[in-house]
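Quick notes on the structure that follows.
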Amino acid sequence: MENTINGEKTDEKVPFEVALDKTGYGAYTYRCTGLAAVAVISYACVCYNSTILVPASACDLGTTLGQQGSMVAAPYMAGVVGSVLCGYLSDRHGRWRMLVVALTSSALVNALASLSINWLALLMLQCCSAFLAAGIYPIAMTLLSESVPLVRRNQTMLVVSSLMMVSQGVMAGMATTKRPVLAIPIIPLTFSYYIPALGIYWNSWRTLMLVYSLPGVIAFLGLYFYVQESPKFILAKGNTDQALRILRIIHRVNKGTDEFQVEGLISDQPHGAGKPSTKDHIVPLFKPPLRKYTLIMTLLFVIMQFIGGFLIWLPKISNQFIKLLQTGEGSNMTLCSIIETSLHSAHGPNTSASCSLNVTALLMVLVVSGMQFVSNGILSLAVDRFGRRNSVMVLVTLCGASGALVNLVPNAIATAIFFGGFLVGIIVVGAYTAIAVALFPTHLRTLAVAFTLTGGRLCGFFTIQIVNYLLVHSCRLGFYLFAAVFASSALVLTLLPDDRYLNKPRCDDQAEEGVALKPLVKPPE
């Protein structure tokens, strides 16, 4: 049966991507993009807040450097299990539903952690909140990718992922700045109120934990009232009528009209009418043709953590860097020379650290985050012309070279610039996520993204400890080794197909956008 649309005959039922393209790019897309961005910021504020809170709470909780290392790294381990579990549940029960659960539960537990009576209680509650929040990033990115037309999908996902890069800067800004453009000053405040029932003093770092819970609450409210379930997920579950209803809502919000010229959708449900089993969700990731991409993407996320380990310790490194420069020394030193000099003037590795971070040092964190944001914007422009794979290959090579140059230029300003250039490499997380979303079919997508990210998180736990050790005992070796390995990921990327050709739709009605064209092979149905 045929319909006439704009004078041309079309099939009554159209592929999902064609229907989604007809919904346009408007208010709903901006709404979904904005809320996904807030959700990603919430994820960062819950999972990575220890980089700011651990040194800020050091004197209050009496933590040693060893305990602080555990407090920073332990949430990564909790995120390993949490990410895979949330990804699996998202593919089973829906992106929207699981994202709402993850946002609310992680925000509540993170707020509860502000009442921790000692460092061990804080560690346990942060692990619990990280476990609950671990799935926010892959679920939010998957929901966004399945609600945005293909022509704008790459740019939209890169814009959202760029906010992941500036989240640490946002956290630093909320912690230190007195400018209203970011937030009220928190960490510099000196108030302290005793709570007899708990035997603790309510102070600035505990207040900051409550502030870090706010993005999760905001994202939950926005999702609950303004965002629909992923129509692609609903269609993959076999409910074409509900998927079409959601597409009509998106079209109405985007274009302000009810004249949606699609009468039906071609179902791409891969498993027939029955409900897919757990085996159907997991086994295909480790069988041809998807096994290759599962292994490659996992390896790429693992290598990415070689920069993530340095990024976690950025506040600590910046603190040592700025404090030495403020003494009038270190202007003709490399970064590692400055770190070594700072360590020699410290009390030793087993003593409690300073109660607070230097404000200028945390503003330096904000500057690095700004560099990452700008670089991500440049990358988003490059991917449409050169493709994600090719653009990232150039990026990792340049960032790896910057990491090697950190300790070859004996000038404090130059070494800081090269260090910032090295840390810019973390922006590949957005491109890698977009690549993974395109490579895997709908019914496996969130679990696949979560699983590959989990490989990185598992490696991240050990990388954080290794970087902390190398900064003390062999700083130069750490930079040379990690920079070289990160640059080598360009070779790994050559094993992936050129994604510029993956966006061209195939005539096969059931083809997924990411597995539709050679050299990729369509997954077994």
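Taken over segment 89-103, the criterion of being more than 18 Å from the chain's Cα centre (by Cα), part of a helix (DSSP H, G or I) and of a type outside the set (A, V, I, L, M) is satisfied by Asp91, Arg92, His93, Arg97.
This table checks each residue for (1) surrounded by fewer than 18 Cβ atoms within 10 Å (Cβ to Cβ); (2) among the β-branched types (Val, Ile, Thr); (3) farther than 23 Å from Leu223 by Cβ; (4) at pLDDT 80 or above.
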position: Met1; (1), (2), (3), (4): yes, no, yes, no
position: Gly7; (1), (2), (3), (4): yes, no, yes, no
position: Ala19; (1), (2), (3), (4): no, no, no, yes
position: Thr23; (1), (2), (3), (4): no, yes, no, yes
position: Ala74; (1), (2), (3), (4): no, no, yes, no
position: Ser83; (1), (2), (3), (4): no, no, no, yes
position: Tyr88; (1), (2), (3), (4): no, no, no, yes
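Scanning segment 384-423 for residues that are of a type in the set (Val, Ile, Thr) and surrounded by 23 or more Cβ atoms within 10 Å (Cβ to Cβ) yields Val392, Val396, Val406, Thr415.
Tell me yes or no: at least one residue of segment 373-381 is modelled with pLDDT of 85 or more, farther than 21 Å from Phe482 by Cα and surrounded by fewer than 17 Cβ atoms within 10 Å (Cβ to Cβ). Taking every residue of segment 373-381 in turn, at least one turns out to be modelled with pLDDT of 85 or more, farther than 21 Å from Phe482 by Cα and surrounded by fewer than 17 Cβ atoms within 10 Å (Cβ to Cβ). Mind checking whether some residue in segment 41-53 is more than 19 Å from Thr446 (Cα to Cα) and assigned to a loop (DSSP other than H, G, I, E, B)? Yes; the residues of segment 41-53 include at least one that is more than 19 Å from Thr446 (Cα to Cα) and assigned to a loop (DSSP other than H, G, I, E, B).
I'm trying to understand the selection: among the residues of segment 326-340, which are at pLDDT 80 or above and over 15 Å from His473 (Cβ atoms)?
Selection gives Asn332, Met333, Thr334, Leu335, Ile338.
Of all residues being assigned to a helix (DSSP H, G or I) and among the aromatic types (Phe, Trp, Tyr) in segment 298-320, which is modelled with the highest pLDDT? Just the residue, please. Please lay out each step first, then the result.
First pass over segment 298-320, keeping only residues assigned to a helix (DSSP H, G or I): 298-312, 314-320.
Subsequent filtering for residues that are among the aromatic types (Phe, Trp, Tyr) retains 301, 306, 310.
Working: Phe301: 90, Phe306: 86, Phe310: 87.
Per the stated criteria, the residue is Phe301.
Scanning segment 280-333 for residues that are charged (D, E, K, R) and either farther than 25 Å from Phe419 by Cα or touching a Lys or Arg at 6+ places or on another chain (Cβ under 6 Å) (or both) gives Asp280, Lys287, Arg291, Lys292. Does segment 33-40 contain any residue that is within 25 Å of the chain's Cα centre (by Cα) and at pLDDT below 85? No: zero hits. A residue that is closer than 30 Å to Leu408 by Cα and of a type outside the set (Lys, Arg) occurs nowhere in segment 435-455.
Kindly check whether there is at least one residue in segment 398-410 that is touching a helix residue (DSSP H, G or I) at 6+ places or on another chain (Cβ under 8 Å), modelled with pLDDT of 90 or more and over 23 Å from Leu299 (Cβ atoms). Yes. Scanning segment 61-88 for residues that are part of a helix (DSSP H, G or I) and either among the small types (Gly, Ala, Ser) or at positive phi (or both) yields Gly66, Gly69, Ser70, Ala73, Ala74, Ala78, Gly79, Gly82, Ser83, Gly87.
The values are calculated or read from the model by the stated rules, or taken from the named source; none is laboratory data. Nothing here was measured: the structure is a model prediction, and the numbers come from that model. FYI the Cβ positions are ideal-geometry reconstructions off the backbone, even for glycines, and counts take in every protein chain you see.
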